[in-house]
Structures are given as structure tokens and as C-alpha cells.
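To start, the structure under review is shown below, and the notes come after it.
Bear in mind that the values in this text are calculations on the coordinates, not laboratory data. Here the structure is a predicted model, which is why all the values come from computation and not from measurement. No Cβ is skipped: glycine too gets one built from the backbone with ideal geometry, and neighbour counts run over all protein chains shown.
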Amino acid sequence: MKIIKINAYEVLVPTHPGAIESKGMNKPLHKAAVGASAAWTIQFDELSKIMLKMELEDGIIGWGELYRDHDWRVVDRIAESLIGQDINTFSLQSLPFNFTREYDGFECAIYDAYAKAHGLRVVDLLGGPVKEKVKVGAWSGHRRMNDVGDVAKNYFDQGYDCLKLKCDLDDDVVGWCQEIKKAAPGMDVILDPNERWENAGETRKRIHGLQEVGNLLCLEDPIPRWKLNEFSNLRAYGAVPLALHLSLPYIQHGQRVDNAIDAILAGAVDGFNFNCGAANFQRLDHVASAVGLPCWHGSELDLGILEAMYVHSAAAANSCVWPSDIFGKMIRSHDLLKESLTFNPPYVQLPEGLGLGVELDMDAVQKFQVQEKTYK
């Protein structure tokens, strides 16, 4: 079970026209700085991703996918360190390389290969499924008032019962929710300011209006995440549930598993958005489950391999009952899979077959490929 070869395919897969935001808008959503470019200045589909093909000596293939905006130097180091290693010697809870933004993509490939080699699904490595299908929601970036209702109705007619929207202080979120209630009665809304409502005062201006409309499932990260005391005060102020987004891949933001414990002890949240690899998602699920709080699986608007890993992780998680951010298939021009995940909105089915239960479509990879590296 030694790793004998790793192929890294760098791809750039755009979104469908109009899938991100209203026509004429320009509100980039990549939250981190990229080189000399500041945060919030680059749209996420302008950043490439790496798809991994990891080959074992017995011919088994493990598929992986990295988050956007990888560092090739780190990819090189990890891949080179893995060649010749026997995956049977690995602890899947802590792989033999440092935790970086690139870690989860390699973890994905290793879990896929390991599960296949032992005749298992990835979900079985996580203790087995507690559900065979995972609740998922629809998604949109910023929208103008004249089309937010149409966006909601389109997804509602497909079977989705929750729509997540990005927003900032310029957006009339109460008006949005009113329009959605008219166009798609019964559809829930998640609002995600990504900390850009700045302070509790700005948030209070909006809470009672949102509460009156009544279709808000939760408000995610309205203010900077470190202001847990203000999260607590906002929970006491209104009946709008608050969610904290914990995204471990954002190394530069210093997010860690114990942030969830801090939020619980502060009485700051009603639930969580957890985005991370399989081992860490299970750790966070156990924290949330222990105190009876719900979560959903977050994402970075990914392609099919990572989305499959998210489904396996969510299917094994008792706390994962809110609609997960598994919606790359809706907005990307291709998921790069031979056979796509099976969506029956508002659910996605746990894949059948060993490992992840999916594989890359190499013709599609070549269509979107910008670079390839081989390690052996």
C-alpha cells in the first residue's frame, strides 16, 4: 500500500454566468488576501484549484481536491514526502505532514485510497453513516432587490427550501427576506455578512426587521468572530439564531477547533458552520453534538471531489442537520466528475461504492487544466 505516484492537476473552472451575483455587480467573495491583493478583491472562481490523483503500488487510486489559492511550494513538499510511504502506517487522525491550507486536499486522497484498499467507504472510516442523505441549501452572492425573488423562486421550484445569501452593510436584507417570502413562501434564508456588519449596533438595526419577516433560519458571522461577548448580547437582544463559521483552512485567520468551545462557553451561538477536513469535522461534530447544537458543513464553492468528501463527513455527523453548503454543482460550469453526486433537493445522496464513491473525469480535467505536476 505504498504511494508510488501523485499527479497534481491545476484547473480553473468558472461559474455559470449570473450564478454569483446580480448583473453589473462586482463584489468579490474571496475573504483572504492573495499575494499583494487585499481580501475581498478577487472573485473565487478566478482562483485555480488542484485535483490530486494518488496511486498506490497495487493500482488503487485515491482522489483529492485542494482548496482554491494553493501554494505550489507546500504542494511540492507534501507530495514529495509521501512518495514511497505505506498508508497503512498512517494515523488518519493526524497525517505525517504539517497542517496547512493544502492539508485537507491530501487528506481527502489518502482517505479515499485507504478506504478502497480496505473495502470500505470513506463514511465507514468515520464510524458509519447516521443518515444516507444530507440536507443541502441553495446559494447566492449579493443580489439586487429586483432579482432576489426570482433567484429564490428558481431554487424553490427545484426543491430547495433554504437559500443562503452573502451580504454587507449596503444590502437591504430585510427587503430581501420580504421578497423571498413573497416569491418562495416556506423557504428559509441564511444571511452571511462574513463579519462585515462590523458591530452589534449595526446588527441590532436589522434584527427586529428580520425577526418580523420570520423566514431567517440563522444569521452567520454578522460581526467579527472574536467579539463573542457581542454575539452573546445579540442573542439576548432578539430571537434571530446566530451561527459562527469555523473554517480551519484559513490558517492566516488563526481559526482552531477550540474556537467552538470558546463560543459555547460564552453562550454566543445557536449553531455552527464547520468547514474543514474529515478528521477535524468529526472532532467539531463531537463538540457540537455534546452540547446539543446543530451545524452544517461549509465549503469554498468547490468541485466534485471535495463535495463528495463533505457528504461523507456530514453523513457521519449527528449534529449536521442544518442545510450544508454543498452547492458547487449548481454554480460551477463543471464538477469534474465522471458521474455527479445525486441531488434530490433539498438533499444530496451519500455516494455508493468504495472510498468516496466518485472519480475524476479526466477529459473534463484536461479541458480546464492550466498546469500539471507529477511526483514519483
Size of electric dipole in the chain: Cβ of Lys, Arg +1 and of Asp, Glu -1, about Cα centre, debye, nearest 20: 360 debye
Mind giving me the nanometre distance, one decimal, between the label points for Glu132 and Ile83, set 7 Å out from Cα along Cα→Cβ? 4.4 nm
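Taking a temperature of 4 °C and a viscosity of 1.567 mPa s, what whole-number D in µm²/s does Stokes-Einstein yield for segment 148-194 with Rh from Kirkwood over alpha carbon pairs?
Numbers: Rh = 10.6 Å.
Rounded to a whole number, D works out at 123 µm²/s.
For segment 281-376, which GluC sites (Glu not before Pro) are in a loop by DSSP, counting at most 12 other Cβ atoms within 10 Å?
Listed in order of number, the matching sites are Glu352.
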Any idea which of Trp139, Phe97, Gly127 is furthest toward the positive side of the dipole for segment 95-156, if Lys and Arg beta-carbons carry +1 and Asp and Glu beta-carbons -1? Trp139
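In square nanometres and to one decimal, what's the mean projected area of the convex hull around the Cα atoms of segment 265-340?
On the way: hull surface 21.2 nm².
Answer in nm², one decimal: 5.3.
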With springs connecting C-alpha atoms under 10 Å apart, model the chain as a Gaussian network and identify which of Ser94, Ser140, Ser247 has the largest mean-square fluctuation. Ser94
List the residues, sorted by chain then number, that are 5 or more residues from Cys162 or on another chain and whose placed amide H is less than 5 Å from its amide H. Ala138, Asp188
Farthest positive-ward along segment 133-349 dipole, Cα basis, beta-carbon charges - from Leu301, Val174, Phe156: Phe156
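Do the alpha carbons of any pairs in Lys53/Lys166; Lys27/Lys227; Lys2/Lys116; Lys49/Lys153; Lys53/Lys116 sit beyond 23 Å of each other, and which pairs?
Numbers: Lys53/Lys166 33 Å; Lys27/Lys227 25 Å; Lys2/Lys116 14 Å; Lys49/Lys153 31 Å; Lys53/Lys116 14 Å.
The pairs that break the limit, which is 23 Å between Cα atoms, are Lys53/Lys166; Lys27/Lys227; Lys49/Lys153.
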Can you compute the radius of gyration and Dmax for segment 133-349, using only the Cα atoms, both in Å? 16.5, 49
Dipole magnitude of segment 52-145 about its Cα centre (Cβ charges: Lys, Arg +1; Asp, Glu -1), debye to nearest 20: 800 debye
Please find, in a Gaussian network model of the chain (springs between Cα atoms separated by less than 10 Å), the residue of Leu244, Leu217, Leu66 whose mean-square fluctuation is greatest. Leu217
To make sure I understand, if each residue's beta carbon is the centre and we count other beta carbons within 10 Å, what order do Thr374, Thr15 fall in, fewest to most? Thr374, Thr15
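Return the percentage of antiparallel bridges among DSSP beta bridges fully within the chain, rounded to the nearest 5 %.
Details: 29 of 53 bridges.
The antiparallel proportion sits near 55 percent.
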Out of these labelled values of Rg/Rh (Cα atoms, Kirkwood Rh), [x] 1.10; [y] 0.96; [z] 1.04, which was calculated from the coordinates shown here? [y]
Counting Lys and Arg as +1 and Asp and Glu as -1, each charge on the Cβ, what is the dipole of segment 68-206 about the Cα centre in debye, to the nearest 20? 440 debye
When the chain is treated as a GNM, springs tying every alpha-carbon pair under 10 Å, which of Asp335, Asp161, Asp86 comes out with the largest mean-square fluctuation? Asp86
Trypsin sites (Lys or Arg not before Pro) within segment 114-195, DSSP loop, no more than 16 other Cβ atoms inside 10 Å: Lys131, Arg144
For the chain, take the longest principal axis of its alpha carbons; what is the angle in degrees between that and the long axis of helix 278-291, to the nearest 10 within 0 to 90? 40 degrees
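Looking at segment 133-349, what % of its DSSP beta bridges pair antiparallel, to the nearest 5? Each step should come with its number before you reach the end.
Details: 5 of 28 bridges.
Bridges in segment 133-349 are about 20 percent antiparallel.
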Grab the DSSP H runs of the chain that are 4 residues or longer, score each as -39,500 (n - 2.57), total them, divide by all residues and round the 222 nm result to the nearest 500 deg cm²/dmol. -10000 deg cm²/dmol
